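To keep things clear, I will list the structure first and then write my remarks on it.
The values are calculated or read from the model by the stated rules, or taken from the named source; none is laboratory data. Everything quoted here is computed from the prediction, not taken from an experiment. Neighbour counts run over all protein chains shown; Cβ positions are idealised from the backbone, glycine included. These area figures cover heavy atoms from the full protein model, side chains too; ligands, DNA and RNA do not enter into them. Shrake-Rupley method; radii C 1.70, N 1.55, O 1.52, S 1.80 Å.
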Amino acid sequence: MSGSGGFPLVRPRRLRRTPAVRRLVAETRLHPADLILPLFVREGATEPVPISSMPGVVQHTRDTLRKAAHEAVSAGVGGLMLFGIPSAKDACGSAGTDPDGILQVALRDVAAEVGDDTVIMSDLCLDEFTDHGHCGVLREDGTVDNDATLDRYAEMAVVQAEAGAHMLGPSGMMDGQVAHVRRALDAAGHTDVSILAYSAKYASGFYGPFREAVESTLQGDRMSYQQDPANADESLREVLLDIAEGADMVMVKPAMSYLDIVRRIADEVHVPVAAYQVSGEYAMVEAAAANGWIDRDRVILETLTGIRRAGATSILTYWAAEVARKLR
C-alpha cells in the first residue's frame, strides 16, 4: 500500500528494527520447561561411552547419569526421558521387565537424585532389550505378535512405575498399547502415573544414530507397525485412538520432517502435543556445523523454534540442557 507520494503507508519492517522490538512482538517463544532431555544409560559401564554418530551424546554410567540429570534439572528442563542399554538381550526382552534391569535401576537413581523437581519419563518399548531389535514379541514367522507384545508392555509399565517413573512413553506402535498400559497401571495402583503416547511415530530413516546409541540388533525393518511417511490422515486416527484409550499427552516422531503433522494434530486435539527431534536430525546439524557450513547455535534455536511454532508444547531434543541454560 502506497501513499500519494508513492511511499509505503504500511511498514512491517518497523517491528523488526531492533532486537528489543523483535523480542517484544515475537509470536513464538522457547522456554526451558518446553524441553525434554533424552538420556541413555548402559549397564555395567564404568565411564561414559561416546556415541560416534551423535557428537556430545554418551551412554552414561549410573553415576554420570545422576550428574547429567541434576545438571539438566538445574538448567530448568521440563523432563528427562530415560533409555536403558542392557548387558544381555533375549527374544522376549526380559531385562525390560526385570525390577533390577538397567532401566529400572536408572529410574530409581534419577528419582533419588532429582525427586519431583522434573518429570521423570521412561521409554516403554522392547527394542532396546530384544536380541532381534524389534519392538515386540515375534511369531515363528518373524512377524511381530501385537497382542502378545501388549502383555509385555503391561509388565514393563508396572515395573517402570514402581521404579519411580512419573510418565511412561509407550513407543512401539502396537494397536491398543495405551489402553493395555493404562489398565495395568490402574490395576497396580499407579493411577497417577501418566502416559505420553508415541502416537504418530513414522518408519523413518532419521533413527540411524539412535540405533547405535542403544546398540540395536534390528533384523529387517519396522514398516509393518510404524507409520508410512506418505500418510497424514493415519496420524490423526492414531492420535485420536490413543486419546480415547487414555493418553495424557501425544507425540509426533520425528519432528522436523513432520511439522505439518505436528500442526494438524495440535489444531485437532485438546491434550499437550510433544515432538521428538530425533537422533538423525541432531546428527545432521552437528555434522554440518562441524564442517563450518552452518552457524550451529543459530540453527539449533531455529529448528527448535520451528517445532514449537508448528504447535508442539514439548520438544524432546538432545540439546535440551544446553539450550535451557542459554534461555535462562
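Dividing the radius of gyration of the alpha carbons in segment 1-102 by their Kirkwood radius gives 1.36 for Rg/Rh.
With contacts taken as Cα pairs under 8 Å at a separation of at least 6 residues, the chain carries a relative contact order of 19 percent. Sorting Y153, Y225 on solvent-accessible area from highest to lowest, probe radius 1.4 Å, gives Y225, Y153. Measuring r between the beta carbons of A187 and D116 and using R0 = 22 Å, the FRET efficiency lands at 0.35.
Taking the helices alone, the chain has a mean residue ellipticity at 222 nm of -12000 deg cm²/dmol, built from -39,500 (n - 2.57) per DSSP H run of at least 4 residues and averaged over all its residues. Note on the chain: GNM, Cα springs under 10 Å; of A274, A72, A232, the largest mean-square fluctuation is that of A232. Between the Cα long axis of helix 62-75 and the first principal axis of the chain there is an angle of about 30°, rounded to the nearest 10. Summing charges over all other residues whose Cβ lies under 12 Å from the Cβ of D131, with Lys and Arg as +1 and Asp and Glu as -1, gives -3. The GNM of the chain, with springs linking C-alpha atoms under 10 angstrom apart, assigns the highest mean-square fluctuation among E71, E245, E27 to E27.
Among the listed options (1) 20.2, 67; (2) 33.3, 118; (3) 20.8, 80, the one matching Rg and Dmax of the Cα atoms in Å as calculated from these coordinates is (3). Per-residue Karplus couplings for segment 43-58, computed as 6.51 cos²θ - 1.76 cosθ + 1.60 with θ equal to phi - 60°, are listed in order as 4, x, 5, 9, 8, x, 10, x, 9, 4, 8, 10, x, x, 10, 9 Hz, Gly and Pro entered as x. Exposure check, 1.4 Å probe, all protein chains in place: H70 carries approximately 90 Å² of accessible surface.
With springs connecting C-alpha atoms under 10 Å apart, model the chain as a Gaussian network and identify which of D297, D131, D100 has the largest mean-square fluctuation. Evaluated over the chain, the most mobile residue of the options is D297. Which value, in Å² and to the nearest 10, is the accessible area of R309 when all protein chains are kept and the probe is 1.4 Å? Here the residue's solvent-accessible area equals roughly 140 Å². Within a straight-line Cα-Cα reach of under 21 Å, K67 can be paired with the following lysines, leaving aside sequence neighbours fewer than 8 residues apart in one chain: K326. The D175 and K67 beta-carbon pair, evaluated with R₀ = 56 Å, returns a calculated FRET efficiency of approximately 0.90.
The distance separating the Cα centre of segment 98-131 from that of segment 262-314 comes to 25 Å. For helix 259-268, what angle does its Cα long axis make with the longest principal axis of the chain, in degrees from 0 to 90 and rounded to 10? So the helix axis and the longest Cα principal axis differ by about 90 degrees. A simple spin-label model places pseudo-atoms 7 Å from Cα toward Cβ; at A287 and R22 they are separated by 2.9 nm. Multiplying the residue separation of D233 and R13 by 0.36 nm and subtracting their alpha-carbon distance yields 75.4 nm.
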